[in-house]
Amino acid sequence: MSDKRQHRRFGLELLDIKGALNLTDKAEIIDMSFGGVALKVERRLSVGKDCVFTIENKGATIDMNSTVVRCTLKGFEDRSSGKRVPIYATGMRFEEGSTDRVADFIRDSLMA
């Protein structure tokens, strides 16, 4: 099966990049491209919903206007508090024309 993505995804093992989403308290980056990000979140997000995704690395941040393109329930996780929470895999697409901003941020992160 061929990959039809416009932008190649890359793992973040070599970078210390973190993300935050204004729609949920907790967002973990699975992988990212210059055009979007795959996240693990604790609440269902509506497809088509616009939001702000903040990318952070070594104290530097950029805010990316984004749109939810998919959100599927992947399972449940137990927290240390004893609470059981749903886990969703969510895909976000960055607004058109933001590719250069993300590329510059990632390049600067590698050089820092």
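Please treat every number below as a calculation from the coordinates, not as lab data. The structure displayed is predicted, hence computed values, not measured ones. Backbone-built Cβ (ideal geometry, glycine too); neighbour counts: all protein chains shown.
Of note:
- Compared with the direct C-alpha span, the chain from K26 to T61 gains 10.9 nm at full extension, assuming 0.36 nm per residue.
- For segment 26-70: rounded, prolate or oblate by the Cα gyration tensor [a/c cutoff 1.5]: prolate
- Radius 12 Å from Cβ of F76, net charge of other residues (Lys, Arg +1; Asp, Glu -1): +1
- For segment 58-112 versus segment 33-52, the inter-centroid distance based on Cα atoms is 7 Å.
- Chain lengthening between D16 and E96 when straightened (0.36 nm per residue, less Cα-Cα): 26.3 nm
- Residue ranges 38-48, 54-64 sort as 38-48, 54-64 when ordered by packing (mean number of other C-beta atoms within 10 Å per residue, highest first).
- Inverse mean reciprocal Cα-Cα distance (Kirkwood Rh) of segment 13-112, Å: 14.1 Å
- Among residues other than M92 with Cβ under 11 Å from its Cβ, the summed charge is +1 (Lys and Arg +1, Asp and Glu -1).
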